[in-house]
Amino acid sequence: MQILFCNTSEHAGGAAIAASRLAVALNHAGESVQMMVRDQAETSAPYVVTPNVASWKMKAKFVAERIDILRANGWRKHRLFEVDCATHGIDLTREKVFQQADVIHLHWVNQGLLSLQGLAKILQTGKPLVWTLHDMWPLTGICHHSKDCKGWTAHCGNCPLLRQPHGKDLSQRIFAEKQNVYAKGQMHFVACSDWLADIARKAPLLKGHKVHSIPNPIDTKFFHPGDQAEARRRLNLPEDVDLLLFVAHKATDRNKGIHLLREALEQLASKNERLRSTLHLIIVGREATMLHDTFAIPTHTFEYVASQETMRDFYRAATMLCMPTLQDNLPNTIVEAMACGTPTVGFRVGGLPQLINHEDNGYLSAYMDTTDLAQGITCLLNKATRQRMGTASRNKAEAEFSHQKVAEAYLKVYHLLKG
């Protein structure tokens, strides 16, 4: 079977990482997968291709779409990259790899790769189409995460992410356009978590289309437990303290909850002065250095890490992973940590309850409750508890998220599409 993946980037962001891992898993399963991207890595995988479009034209499409958003916001840079409108993109149907493919599989295709007009052309070809939901954008007007807004349950409009929301604003216009485009053919949507699958099945935009729930895969042969002391030495981290790990694509993104982690650690340090020296924090992500001196405990900051080997060392070096995200699907970071035998503390939100079985392989705190988050951190500081949870984390990763397990689930969807 010839399968064409489409994703804006090859490596940058969680969707790109998940798509690349799935491509590898399916290729290992004997299928033929190519992945078309706008942004190709310097050391690109052999299955990755780029559109037969001049790079300057691709950049122009990206800029043109940002201009559409700026215009809708009265030319203010208000939440410029929190929304997408898919007004510009390339015609994938003209690409040779598209024409040769038996199945088209979309992933995160925003910011100039695929427009809604381009999606309509794909649907009109009649080729089987799968779309993995890495966030909520395919079922909302323009946002990737709806947060508390329920506009997507009707027709959008009055979007809180726009500077001057109103009934016929950009979100409502794009929602209506999506309705028209989605009606041109049948799609199978795959959510990476049961949480997002439940939301998708309630979404008016996806009515009449199939929704499946399949997690992202992980190479459990690569991400596996290793020597903690060696990992700490390679990263130049202290070996005689507990290390709390926080990872985000952009460390300062408040949606990832770094401010709530700060509050929780302040509570812990105020109750136990000893923790100010025995517990250290590691922050990995863009703009991490901006946070270096803002916590109650010693902090080690690292900007964005592209190397999987280095990230594996961070998971192995850590006492625990702390993911106080405020809304997330099924974070790759947690699954990677689990595979390395490192338990996680996070809020009971989004897809996290599917990953973390409370007090079995990690700790789920009440949403945005920093006192409970601090309790979770305290719980995992107990060595016996941490070791038990670490073993349970590894077992769950192998049982539910391995390449083979996830590839088999996707193949069932592809064969269903092909009849």
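The values are calculated or read from the model by the stated rules, or taken from the named source; none is laboratory data. Note that this is a predicted model, so its numbers are computed, not measured. Using ideal geometry, Cβ is built from the backbone for each residue, glycine included, and neighbour counts are taken over all protein chains shown. With ligands, DNA and RNA removed, areas are computed over all heavy atoms of the protein, side chains included. Shrake-Rupley method; radii C 1.70, N 1.55, O 1.52, S 1.80 Å.
Overview of results
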| read-out | value |
| --- | --- |
| Index of the failed condition, A231 passing every other in (1) open to solvent by less than 60 Å² (accessible area, probe 1.4 Å); (2) part of a loop (DSSP other than H, G, I, E, B) | (2) |
| Unique residue being small (G, A, S) and either open to solvent by less than 20 Å² (accessible area, probe 1.4 Å) or touching a residue at least 40 places away in the same chain (Cβ under 8 Å) (or both) when the list is G13, G30 | G13 |
| Single condition L237 does not satisfy, out of (1) at pLDDT 95 or above; (2) part of a loop (DSSP other than H, G, I, E, B); (3) within 21 Å of the chain's Cα centre (by Cα) | (3) |
| Leading residue by the ranking (nearest to D372 (Cα to Cα)) among those in region 262-317 that are of a type in the set (K, R) and exposed (fewer than 13 other Cβ atoms within 10 Å of the Cβ) | K271 |
| Residue within region 235-246 that is at negative phi, in contact with a strand residue (DSSP E or B) (Cβ under 8 Å, 6 or more places away or on another chain), without any contact (Cβ under 8 Å) to a residue 60 or more places away in the chain and open to solvent by less than 70 Å² (accessible area, probe 1.4 Å) present | yes |
| Number of positions in region 177-201 that are touching a His at 6+ places or on another chain (Cβ under 7 Å) and either open to solvent by 10 Å² or more (accessible area, probe 1.4 Å) or farther than 21 Å from H105 by Cβ (or both) | 2 |
| Any pair with Cβ under 8 angstrom, 6 or more apart, that starts in region 362-381 at a residue that is within 14 Å of L260 (Cβ to Cβ) and touching a residue at least 12 places away in the same chain (Cβ under 8 Å) and ends at one that is part of a loop (DSSP other than H, G, I, E, B) and open to solvent by 40 Å² or more (accessible area, probe 1.4 Å) | S365/R348; A366/R348; Y367/R348 |
| Yes/no for G208 being modelled with pLDDT of 90 or more, in a loop (DSSP other than H, G, I, E, B) and open to solvent by 40 Å² or more (accessible area, probe 1.4 Å) | yes |
| So A269, is it at pLDDT 90 or above and touching a helix residue (DSSP H, G or I) at 6+ places or on another chain (Cβ under 6 Å) | yes |
| Residues within region 303-333 that are at pLDDT below 95, more than 19 Å from R254 (Cβ to Cβ) and either in contact with a Phe, Trp or Tyr (Cβ under 8 Å, 6 or more places away or on another chain) or not in a helix (DSSP H, G or I) (or both), tallied | 5 |
| Flag for K221 being open to solvent by 20 Å² or more (accessible area, probe 1.4 Å) and free of Cβ contacts under 8 Å to residues at least 24 places away in the same chain | yes |
| R79 assigned to a strand (DSSP E or B), open to solvent by 50 Å² or more (accessible area, probe 1.4 Å) and touching a residue at least 40 places away in the same chain (Cβ under 8 Å) | no |
| Count - residues of region 133-171 that are of a type in the set (D, E) and under 23 Å from H188 (Cα atoms) | 1 |
| Per-region count, region 140-176, residues open to solvent by 30 Å² or more (accessible area, probe 1.4 Å), among the acidic types (D, E) and touching a residue at least 12 places away in the same chain (Cβ under 8 Å) | 0 |
| Residue within region 47-59 that is of a type in the set (V, I, T) and at pLDDT 90 or above present | no |
| Region 382-419: number of residues that are closer than 22 Å to R21 by Cβ and open to solvent by less than 80 Å² (accessible area, probe 1.4 Å) | 17 |
| Unique residue being of a type in the set (V, I, T) and assigned to a loop (DSSP other than H, G, I, E, B) when the list is V130, V109, V190 | V109 |
| Among the residues listed as G351, G346, G376, G341, the single one being at pLDDT below 95 and either closer than 19 Å to Y315 by Cβ or open to solvent by less than 10 Å² (accessible area, probe 1.4 Å) (or both) | G351 |
| Selected residue (only one of Q387, Q375, Q354 is over 26 Å from R276 (Cα atoms), part of a helix (DSSP H, G or I) and polar (S, T, N, Q)) | Q354 |
